Amino acid sequence: MRRAVCPGSFDPVTRGHLDIIDRSSRLFDEVIVAVLVNQTKQGLFSIEERIEILREVTKNLPNVRIESFRGLLVDYCRDNDAQVVVKGIRAVSDFDYELQMAQMNIGLSGVETLFMPTNPLYSFVASSLVKEIAKWGGEVSSFVPELVERRLLEKYRDAGTD
Ligand code: PNS
């Protein structure tokens, strides 16, 4: 069984993330999308909301499951018998940090990292930018799934933009 992990914050999941998850699901027997629980960084969406959204938007991919994790990614991979981490690379600017993490992770535990070039349609898409655009009423429908667009609208309608 070849099992890969797609880790990230997914606050919220974008079409760029989804493209990587979808393509990974064709390469591996099973893909675990692992949402990082980061105690030092309060997100817009709770971990439960991110998981619920991810489950909904990946429900067409039967070999993809969604979980959360805390601690080291390499420990999570070991505990879940996953041999590979898949990371999307949007641009050269992603590469330095991703390479450093990949080298650290292989040094720590032998887990391999596979870099997957992001679909150029989404090479400039980042969750942080999407949130900022949505906060000020901008159009985000081409960057995120419809469900995420709706949830963003609800969040910012409830919270106001102050
Ligand atoms: O979506 P993000 O925020 O870019 O994802 C970053 C993530 C979750 C992949 C990365 O922060 C991570 O792997 N965190 C787990 C902690 C860890 O293993 N740190 C050591 C990395 S060498």
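Derivation of every value follows stated rules applied to the coordinates shown; laboratory data play no part. All values reported here derive from a predicted model rather than from experimental measurement. Using ideal geometry, Cβ is built from the backbone for each residue, glycine included, and neighbour counts are taken over all protein chains shown.
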Relative contact order (%) - criterion: Cα under 8 Å, at least six apart; region: the chain: 28
Reachable lysines from Lys59, criterion Cα separation under 26 angstrom, eight or more residues apart if same chain: Lys87, Lys131, Lys155
Computed Kirkwood radius, in angstrom, where 1/r is averaged over Cα pairs of the chain: 16.3
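Taking loop as defined by DSSP and a crowding limit of 16 other beta carbons within 10 Å, which GluC sites (Glu not before Pro) in region 102-146 fit?
Values: sites: Glu112, Glu132, Glu139, Glu146; in loops: Glu139.
Of the GluC sites (Glu not before Pro), the ones in loops of region 102-146 whose Cβ has at most 16 other Cβ atoms within 10 Å are Glu139.
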Residues of type aspartates and glutamates that Lys135 reaches as a straight line, Cα spacing below 12 Å, ignoring anything fewer than 8 places off in the same chain: Glu149, Glu154, Asp158, Asp162
Helix axis angle, 47-57 relative to the chain longest principal axis, alpha carbon, degrees: 90
Region 1-60: trypsin sites (Lys or Arg not before Pro) falling in loop per DSSP and having at most 12 other Cβ within 10 Å: Arg2, Lys41, Lys59
